[in-house]
Amino acid sequence: MSDVEAFYGALVEDDAEELYDNAPCAYLSTLPDGTIVKVNQTFLAWTGFERQALVGRRRFQDLLAPGDRIFYETHFGPALRMQGQVREIAVEIVTGDGSRLPVLVNAVLKHDAAGLPVAIRTAVFDATERRAYERELLQARRRAEESESRATALARTLQATFLPPALVEVPGLDLAGGYRPSGDGSEVGGDFYDAFAIDASSWGLVLGDVCGKGAAAAVVTSLVRYTVRAEAPRTTQPSQVLSRLHDVLVRNHPDQFCTAVFLRVERSAEGSFRVTVSAGGHPLPIRARRGQRGLDTVGAPGSMLGMLEHADVSDASTELMVGDVLVLYTDGITEARRDGEFFGEARVRAVVSDAGHATAKDLANALVAAAVEFQEGQTRDDIAVLVLRVT
């Protein structure tokens, strides 16, 4: 190597270290649990922390504002574990003097040769100017942290993230969901539903109930939704999706469990729909056939997910024709109580039978309203409903 090559080689090495430490954005390396193991000077300058106060002593999520710490546990962390990376996540860092720094975060989960997660590499960008338009939302979050009423608003906002703002549009199907939180909605519940496209001719529908309430239930609910969406394209068997979900719960949250029912809906060339159902400890979907009296259920109950060593789930298929209806619901409907009496499945069936040719949305709303009215407006558990009608 010539003297010139040696000189520029050393210069590049020095420049690389200088670029890392004083880059225009902040860099952190953490363990999978968030413990900081390396941080550059840019991050220290922005936040006012000393290096020794962070490395090996603090987790990245501990530096976030209270509302964003919840967001990290319920959305950021699960997305990173499932997808291997997250991009442009907007959060606030609490600096050394107690002020808040709005930032955008990109993170990548690094695995070893055996496929096990070993580190998280995070890039942090100052978003002070970009976040100007979000000032109203940030102020609402601060107020939520300062008062009980605002805490209720935050809980409802978090709960809303577990329900799709609009269900996927499926040609030939009328889909609608209904939801009612327990009590005054001040605590995040575990009921959820989702509907999404798997490919051009098949869709996934899931409805479930995670045990418990609050942040712990929110973490698991988020993980359940991410897992179902990630696993659905990998198999045509809903039971395999629920089995995988069971394994994820056992490994990551052994003290938590949930019930769920997952449907794979496939459109045929004749315009009918083939629906394959798998249920894990969940009430089975109720089916109403056009032009036929009486209702039946589809599928087999199966075991709760995350509770036993192995999931006992199976698949059952049915063909839905024009006018047929399938109704999914959580036990917040059937176990609604008044003076020791349950709302029960018989009343669910009565509402479905009386609905006639009502739209999916009208039927979903009617079921929720009937259960709430039965409890005289005092809901003791979350209620979630998902209705499918072939049009």
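The values are calculated or read from the model by the stated rules, or taken from the named source; none is laboratory data. Because the structure is a prediction, the values reported are computed rather than measured. All Cβ positions, glycine included, derive from the backbone under ideal geometry; neighbour counts span all protein chains shown. Side chains are part of the model used for accessible areas, which takes the heavy atoms of the whole protein and leaves out ligands, DNA and RNA. Shrake-Rupley method; radii C 1.70, N 1.55, O 1.52, S 1.80 Å.
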From the residues in segment 93-111 that are in contact (Cβ under 8 Å) with a residue 40 or more places away in the chain and open to solvent by 40 Å² or more (accessible area, probe 1.4 Å), which one is farthest from Leu80 (Cα to Cα)? Asp97
Condition broken by Arg57, with the remaining ones in (1) open to solvent by less than 50 Å² (accessible area, probe 1.4 Å); (2) in a loop (DSSP other than H, G, I, E, B) satisfied: (1)
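Can you give me the number of residues within segment 321-342 that are assigned to a helix (DSSP H, G or I) and touching a residue at least 60 places away in the same chain (Cβ under 8 Å)?
Step one: of segment 321-342, the residues assigned to a helix (DSSP H, G or I) are 331-334.
Next, from what is left, pick out any that are touching a residue at least 60 places away in the same chain (Cβ under 8 Å): 331-332.
Number satisfying all stated conditions: 2.
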Picked from segment 345-361 (must be closer than 22 Å to Val322 by Cα and small (Gly, Ala, Ser)), the residue most open to solvent (accessible area, probe 1.4 Å) is Ser353
The correct count of residues that are in contact with an Asp or Glu (Cβ under 9 Å, 6 or more places away or on another chain) and open to solvent by 10 Å² or more (accessible area, probe 1.4 Å) in segment 215-238 is 8
Let me spell it out: the conditions are (1) open to solvent by less than 10 Å² (accessible area, probe 1.4 Å); (2) modelled with pLDDT of 85 or more; (3) touching a helix residue (DSSP H, G or I) at 6+ places or on another chain (Cβ under 9 Å), and Leu205 meets all of them except one. Which number is the exception? (3)
Residues of segment 362-384 satisfying the condition of being open to solvent by less than 30 Å² (accessible area, probe 1.4 Å) and either at pLDDT 95 or above or assigned to a helix (DSSP H, G or I) (or both): Leu363, Ala364, Leu367, Val368, Ala370, Ala371, Val372, Phe374
Somewhere in segment 68-87, is a residue exposed (fewer than 14 other Cβ atoms within 10 Å of the Cβ) and more than 24 Å from the chain's Cα centre (by Cα)? no
Among what's in segment 23-54 and is over 29 Å from the mean Cα position of the chain (by Cα), open to solvent by 10 Å² or more (accessible area, probe 1.4 Å) and of a type in the set (S, T, N, Q), pick the residue that is farthest from Thr122 (Cα to Cα). Gln52
Any residue at all in segment 260-276 that is open to solvent by 30 Å² or more (accessible area, probe 1.4 Å), acidic (Asp, Glu) and within 30 Å of Phe343 (Cα to Cα)? no
Looking at Ala370 and the list (1) in contact with a strand residue (DSSP E or B) (Cβ under 7 Å, 6 or more places away or on another chain); (2) touching a residue at least 24 places away in the same chain (Cβ under 8 Å), which single condition is not satisfied? (1)
